[in-house]
Amino acid sequence: DQQVKQNSPSLSVQEGRISILNCDYTNSMFDYFLWYKKYPAEGPTFLISISSIKDKNEDGRFTVFLNKSAKHLSLHIVPSQPGDSAVYFCAASKNTGNQFYFGTGTSLTVIP
Amino acid sequence: NAGVTQTPKFRILKIGQSMTLQCTQDMNHNYMYWYRQDPGMGLKLIYYSVGAGITDKGEVPNGYNVSRSTTEDFPLRLELAAPSQTSVYFCASSYFPDYIEQFFGPGTRLTVL
């Protein structure tokens with residue numbers, strides 16, 4: 001059973017515009033939500049996280065929003081750059097360090 | 001720091017063969033993990049370790065074994081390889097509970113024919 005879902009396999013955005021990547025989850029007991037970025041033939045790299053007690057976390061061009069009532073989170077990238085083209089994975093975790101659930105990923109293409 | 005390193009990068013196995021995927025981290029992280037990623041799917045946890053000598057099963061442990069004799073190394077053993085184990089394998093580490101994020105290695109692409 002997929003506890004974390006990314007329903008958009010791909011997204012194309014013009015350079016300089018906003019990219020919005022979405023993620024839904026089913027388990028209300030998750031304590032943390034994370035976004036990872038993955039380039040081909042590389043491992044995922046951590047991008048940004050948010051605790052379940054917050055509704056927004058910002059780091060430079062990246063902002064994650066959490067809507068607990070809807071069990072939904074989104075990653076906003078503003079402005080989008082060609083180097084942002086990658087696969088983005090959403091992940092959720094309980095505060096145990098040993099349970100991480102990943103979505104299937106969204107492939108972002110930023111068009112110059 | 002090299003971070004998390006994995007060897008080999010690629011491997012082709014025949015059905016029934018065995019192999020060990022190596023993983024080493026130089027960040028003194030306490031937690032280490034093995035994931036597999038099948039095409040079009042997210043990462044699924046195979047095994048994890050909270051420290052040297054302590055390992056436990058994740059979501060998809062069948063067909064695999066692990067050991068953790070040192071803080072740095074966390075090898076994954078495949079016994080009697082099957083085509084269903086064709087996947088990309090990622091090792092990761094973290095310094096829990098101080099930090100929630102995981103650091104991933106570059107992956108090993110395994111094909112079982």
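The values are calculated or read from the model by the stated rules, or taken from the named source; none is laboratory data. Please read these numbers as outputs of a predicted model, since none were measured by experiment. Cβ: placed from backbone, ideal geometry, glycine included. Neighbour counts: every protein chain shown.
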| remark: Only one of (1) modelled with pLDDT of 95 or more; (2) surrounded by 14 or more Cβ atoms within 10 Å (Cβ to Cβ) does not apply to B:S69, and that is (2)
| So which residues in the stretch A:66-79 are farther than 21 Å from A:T109 by Cα and part of a strand (DSSP E or B)? | A:L66, A:N67, A:H72
| request: Determine the pairs where a residue that is over 17 Å from B:V4 (Cβ atoms), located within the stretch B:93-113, has a partner that is of a type in the set (K, R) and part of a loop (DSSP other than H, G, I, E, B) with Cβ atoms under 9 Å apart, the partner being 6 or more residues away or on another chain. | output: B:V112/B:K14; B:L113/B:K14
| remark: Only one of (1) in contact (Cβ under 8 Å) with a residue 40 or more places away in the chain; (2) closer than 28 Å to A:P9 by Cβ; (3) of a type in the set (S, T, Y) does not apply to B:S84, and that is (1)
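For (1) free of Cβ contacts under 8 Å to residues at least 24 places away in the same chain; (2) in a loop (DSSP other than H, G, I, E, B), each residue gets a yes or a no:
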| residue | (1), (2) |
| --- | --- |
| A:N7 | yes, yes |
| A:S12 | no, no |
| A:N22 | no, no |
| A:K37 | no, no |
| A:G43 | yes, yes |
| A:L47 | no, no |
| A:E58 | yes, no |
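Would you mind finding the one in A:D84, A:D31 that is more than 24 Å from B:Y95 (Cβ to Cβ) and of a type in the set (D, E, K, R)? It would help to see each step written out before you state the result.
Working: A:D31 fails: more than 24 Å from B:Y95 (Cβ to Cβ).
Exactly one of A:D84, A:D31 is more than 24 Å from B:Y95 (Cβ to Cβ) and of a type in the set (D, E, K, R), namely A:D84.
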| Scope the stretch B:14-29; condition part of a strand (DSSP E or B) and out of contact with any Ser or Thr (no Cβ under 7 Å at 6 or more places or on another chain); matching residues | B:M19, B:T20, B:C23
| remark: Within the stretch B:55-113, the residues that are at the interface with chain A (Cβ under 9 Å from one of its Cβ atoms), under 13 Å from B:L21 (Cα atoms) and in a loop (DSSP other than H, G, I, E, B) are B:G105, B:P106, B:G107
| field | Of all residues making up the stretch A:9-50, the number that are within 14 Å of chain B (Cβ to nearest Cβ), among the polar types (S, T, N, Q) and surrounded by 14 or more Cβ atoms within 10 Å (Cβ to Cβ) | value | 2
| request: Please enumerate the residues belonging to the stretch A:68-94 that are in contact with a strand residue (DSSP E or B) (Cβ under 7 Å, 6 or more places away or on another chain) and either surrounded by fewer than 21 Cβ atoms within 10 Å (Cβ to Cβ) or basic (K, R) (or both). | output: A:K71, A:H72, A:S74, A:H76, A:Q81, A:P82, A:D84, A:S85, A:V87
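Can you name the residue in the stretch A:10-63 that is of a type in the set (S, T, Y) and under 29 Å from B:Q6 (Cβ atoms) and, of all such residues, is farthest from the chain's Cα centre (by Cα)? Give the derivation first.
Initially, the stretch A:10-63 is screened for residues of a type in the set (S, T, Y), giving A:10, A:12, A:19, A:25-26, A:28, A:32, A:36, A:39, A:45, A:49, A:51-52, A:63.
Still in the running and under 29 Å from B:Q6 (Cβ atoms): A:10, A:25, A:32, A:36, A:39, A:45, A:49.
Numbers: A:S10: 13, A:Y25: 12, A:Y32: 12, A:Y36: 6, A:Y39: 14, A:T45: 12, A:S49: 9 Å.
Taking the candidates together, the pick is A:Y39.
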